[in-house]
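Structure first, commentary second.
The values are calculated or read from the model by the stated rules, or taken from the named source; none is laboratory data. All values derive from a computational prediction rather than experimental measurement. Heads up, the Cβs are rebuilt from the backbone with ideal geometry, glycines too, and the neighbour counts pull from every protein chain shown.
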Amino acid sequence: MHAETSDGGSVKPINKVTRRSLLYGGVAGMTVLAGGRVLGEEERPGMEVNMHQTVETVIDAWKAAFDAGDPQRIASLYTPDAMFIGGIGGVHIGRRSIEGYFGKNMAPSSVVFRDIKTHAIEDQVVLVSMMGAITPEVGEPRDFRFLQTHVRTGNGWQIAGHHGSHSL
C-alpha cells in the first residue's frame, strides 16, 4: 500500500515491525512485534526518561516554529513522508504538504503545551499525546488535542505522524 503525496510522489510503506507497533501499541498499552512477542516495560528500563527528554526537544522546536509563524520550520520537524491531520481538516503527507497546510491556515498565534505523555513503542518510536492551548494574537485560547508519533531517523528525532483536533 502506497499513499500519494501532495506533489504526486508516493510514500513507501513502513516496515512490518513498526506498522504493527503503531497500529497496536497504544490500544492496550503494549507493543506487539512482528513475531507476536509483547515488548513490556521490564525490557526497556530507563527508556521512557531518555525518550521524554528527546521528545521535549522536538516539542520545544515545534512550539518555537509555530509561535514564529514559520511553516517551513514546522515542516522541517517531520519526516519526509510524515502524515499530518490538522484541526482544520484534511490529510497531508510529506513536508511540502504540511508546510502548505500551515502556510494557508496559520494566523499569528502562540501555543502552550501541557499534559504531555509519552509511550515508547520501541527504541526508535515514541507515541506522544498532549493538550495544547492555541492563543491567537487577538482572541481567546482554544484547546487542541494532539497525538504524534516520533521516530529516530538518521537526522535525529522527527515527527512521522501527527493528529490534532479541537477539544470538545
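Remarks
- Residue in the range 73-96 that is closer than 17 Å to Glu56 by Cβ and among the polar types (S, T, N, Q) present: no
- When Lys117 is tested against (1) under 20 Å from Ala82 (Cα atoms); (2) among the charged types (D, E, K, R); (3) in contact with a strand residue (DSSP E or B) (Cβ under 6 Å, 6 or more places away or on another chain), just one condition goes unmet, and that condition is (1).
- Every condition in (1) under 20 Å from Val55 (Cα atoms); (2) modelled with pLDDT of 90 or more; (3) not hydroxyl-bearing (Ser, Thr, Tyr) holds for Asp123 except the one numbered (2).
- If the condition is being closer than 14 Å to Trp62 by Cα and not aliphatic (A, V, I, L, M), then the range 97-113 contributes Glu99, Phe102, Ser109, Ser110, Phe113.
- Taking each residue of the range 67-82 that is without any contact (Cβ under 8 Å) to a residue 60 or more places away in the chain and looking for partners that are buried (at least 18 other Cβ atoms within 10 Å of the Cβ) and among the small types (Gly, Ala, Ser) with beta-carbon atoms closer than 6 Å, six or more apart or interchain, yields Arg73/Ala65; Ile74/Ala65.
- Boolean, Arg142 is among the basic types (Lys, Arg) and under 24 Å from Gly94 (Cα atoms): no
- Where a residue in the range 93-111 is modelled with pLDDT under 95 and its partner, wherever it lies, is acidic (Asp, Glu), with Cβ under 6 Å and at least six apart: Pro108/Glu137; Ser110/Asp67
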